[in-house]
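Inspection log for the structure reproduced underneath, given as structure tokens.
The values are calculated or read from the model by the stated rules, or taken from the named source; none is laboratory data. Note that the coordinates shown come from a computational prediction; the quantities given were computed from them, not determined experimentally. Cβ placement follows ideal geometry from the backbone for every residue including glycine, while neighbour counts extend to all protein chains displayed. For the accessible areas, the whole protein counts, side chains as well, though only heavy atoms, and no ligand, DNA or RNA atoms are used. Shrake-Rupley method; radii C 1.70, N 1.55, O 1.52, S 1.80 Å.
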Amino acid sequence: ASPTGLQTMSIIFYEDRNFQGRSYECMSDCPNMSSYLSRCHSCRVESGCFVVYDRPNYMGNQYFMRRGEYADHTSFGISGSVQSCRLVPQHRGSYRMKIFERENFQGQSHELVDDCDSIVDRYQISDCQSCHIIDGHWLMFEQPHHRGRMLYLSPGEYRSIKDLGYRGMRISSVRRIVDSC
């Protein structure tokens, strides 16, 4: 814990599998890991939650990481190397988002305050193409039951999900990032 009583969030990246090789400790967002390591094939989340990306500047496939040890990059689903990471700030309080069937906040809309295993089953809409995150931090998934590719979204307006890096991705389920990190 820091002198102010707040817990410091920390993730340590290693160049090789099984926590070997050079390492780099990160306590905030890092847009380009290549400045510190030639590659990243394992990591240890000491505290907090992070989203790691397989491309620089928070692009490419995303993977949610909570406290724990990841001895091999394939153990958390990444096929290449971690290239950037983003700290997920702790959120205490309510969770609220509004999803829209079409881009630019058009079509049917629904407000969510909890996890949704299947947007199709719950709301009878086939897709979510834009959203407004009002409170909390959320993960959106390509498949029902929180499977497939994912997107991390913090509070803000997102006029087009396809502009966030995954062309053709359909959002089928959503989950809140709760304080269990």
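Starting from the Cα-Cα distance between Asn57 and Ser75, subtract it from 0.36 nm times their residue separation and give me the gain in nm to one decimal. Don't jump to the answer; show the numbers that get you there.
Working: separation 18, 0.36 × 18 = 6.48 nm, distance 2.26 nm.
Stretched out fully, the Asn57 to Ser75 stretch lengthens by 4.2 nm.
What per residue convex hull volume, in Å³, comes out for segment 1-83 when only alpha-carbon positions are used? List each step's numbers first, then the result.
Details: hull volume 7.2 nm³, N = 83.
Taking only Cα atoms, segment 1-83 has a hull volume of 86 Å³ per residue.
So, by mean Cβ neighbours within 10 angstrom, what's the order for 9-16, 67-74, 93-100 with the highest one leading?
On the way: 9-16: 19.8, 67-74: 16.0, 93-100: 17.9.
So the order, starting with the most tightly packed, is 9-16, 93-100, 67-74.
Find how many whole Å separate the alpha carbon centroid of segment 120-175 from the alpha carbon centroid of segment 13-48.
The distance from the Cα centre of segment 13-48 to that of segment 120-175 comes to 28 Å.
Where only protein heavy atoms count, and the probe is 1.4 Å, what is the accessible area per residue for the chain in Å²? Provide the component values of the computation, followed by the final result.
On the way: 9000 Å² over 181 residues.
Solvent-accessible surface per residue comes out at 50 Å².
What FRET efficiency, computed as 1/(1 + (r/R0)^6) with R0 = 41 Å and r the Cβ-Cβ distance, is obtained for Ser38 and Thr8, rounded to the nearest 0.05? List each step's numbers first, then the result.
Values: r = 26 Å, r/R0 = 0.64.
Working from the Cβ atoms, E equals 0.95.
What percent does the relative contact order of the chain come to when contacts are Cα pairs within less than 8 Å and at least six residues apart? It would help to have the intermediate numbers written out before the result.
Details: 468 pairs, mean separation 31.3, N = 181.
Rounded, it is 17 percent for the chain.
So what is the relative contact order of segment 55-128, in percent, for Cα pairs below 8 Å that sit 6 or more residues apart?
Numbers: 64 pairs, mean separation 15.3, N = 74.
Worked out over segment 55-128, it gives 21 percent.
For the pair Arg22/Gln90, report the inter-label distance in nm, with labels modelled 7 Å from Cα in the Cβ direction.
With each label placed 7 Å out from Cα toward Cβ, I get 3.2 nm.
Sort 102-111, 81-90 for me by packing, meaning the mean count of neighbouring Cβ atoms within 10 Å per residue, highest on top.
81-90, 102-111
Return the carbon/sulfur percentage of the accessible area of segment 10-88, one whole number, probe 1.4 Å, all protein chains in place.
Working: 1470 of 3530 Å².
Carbon and sulfur: 42 percent of the exposed surface of segment 10-88.
Quick one: compute the contact order of segment 10-88, relative version, from alpha carbon pairs under 8 angstrom and 6+ residues apart, as a percent. Don't skip to the answer; put the middle values down first.
Working: 212 pairs, mean separation 27.2, N = 79.
Averaging sequence separation for qualifying contacts and normalising by length gives 34 percent for segment 10-88.
So for the pair Glu46, Tyr123, with labels modelled 7 Å out along Cα→Cβ, what separation do we get in nm?
With each label placed 7 Å out from Cα toward Cβ, I get 4.0 nm.
Can you work out the Karplus-derived ³J(HN,Hα) for every residue in segment 65-81? Use 6.51 cos²θ - 1.76 cosθ + 1.60 with θ = phi - 60°, whole Hz, and x for glycine or proline.
Along segment 65-81, the couplings run 10, 10, 3, x, 10, 10, 6, 8, 4, 6, 5, 10, x, 8, 8, x, 10 Hz.
Take the chain, drop everything but the C-alpha atoms, weight them equally and run the Debye formula without solvent; then report log10 I(q)/I(0) at 0.15, 0.17 Å⁻¹ to two decimals.
Result of the Debye calculation: -0.87, -1.06.
For the charge dipole of the chain, defined by +1 on Lys and Arg C-beta atoms and -1 on Asp and Glu C-beta atoms about the Cα centroid, which residue among Gln83, Ile171, Ser118 has the Cα displaced farthest towards the positive pole?
Gln83
Collect residues whose amide H, placed 1.01 Å from N in the peptide plane, falls under 5 Å from the amide H of Ser172; neighbours closer than 5 in sequence don't count.
Phe141, Glu142, Gln143
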